[in-house]
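Below is one structure; the comments refer to it alone.
The values are calculated or read from the model by the stated rules, or taken from the named source; none is laboratory data. Treat the numbers as computed from the prediction; the structure is a model and nothing was measured. Reconstructed Cβ throughout: ideal geometry from the backbone, glycine too, with neighbour counts over all protein chains shown.
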Amino acid sequence: MTGTSGRQRVPAECLSNFKIAVPPAELAEKFGHFAKSVFAQMKAHDEESRTLAALRDALLPKLLSGELRIRAKMLESLT
């Protein structure tokens with residue numbers, strides 16, 4: 001490592017002998033499709049989480065204050 005403590009870096013010549021495994025193109029493409037679907041699912045879950053949090057934030061104060069009431073039958077179906 002060279003440089004000051006706040007900006008230490010590896011000399012470029014250290015990387016010239018660094019070996020990197022490169023997968024076959026077909027395998028890399030399959031992984032890309034898999035990763036794309038996983039990221040899409042993560043995005044959908046994040047959006048759903050944000051929507052539910054906004055709904056909670058809007059409804060909870062009204063429920064606690066009594067401004068909004070839930071029927072007993074509806075509560076039973078939730079348990």
Listed by first then second residue, the pairs whose first member lies in the range 26-37 and is without any contact (Cβ under 8 Å) to a residue 24 or more places away in the chain, whose partner is surrounded by 10 or more Cβ atoms within 10 Å (Cβ to Cβ) and not charged (D, E, K, R), with beta carbons under 8 Å and at least 6 positions apart or on separate chains, are PHE31/PRO23
For the range 39-67, which positions are exposed (fewer than 10 other Cβ atoms within 10 Å of the Cβ) and not polar (S, T, N, Q)? ASP57, LEU64, GLY66, GLU67
Is it fair to say ILE70 is loosely packed, with under 10 Cβ neighbours inside 10 Å, without any contact (Cβ under 8 Å) to a residue 24 or more places away in the chain, part of a loop (DSSP other than H, G, I, E, B) and hydrophobic (A, V, I, L, M, F, W, C)? no
Could you list, in sequence order, the residues of the range 15-26 that are exposed (fewer than 10 other Cβ atoms within 10 Å of the Cβ) and either of a type in the set (A, V, I, L, M) or at pLDDT 95 or above (or both)? LEU15, ILE20, ALA21, VAL22, PRO24, ALA25, GLU26
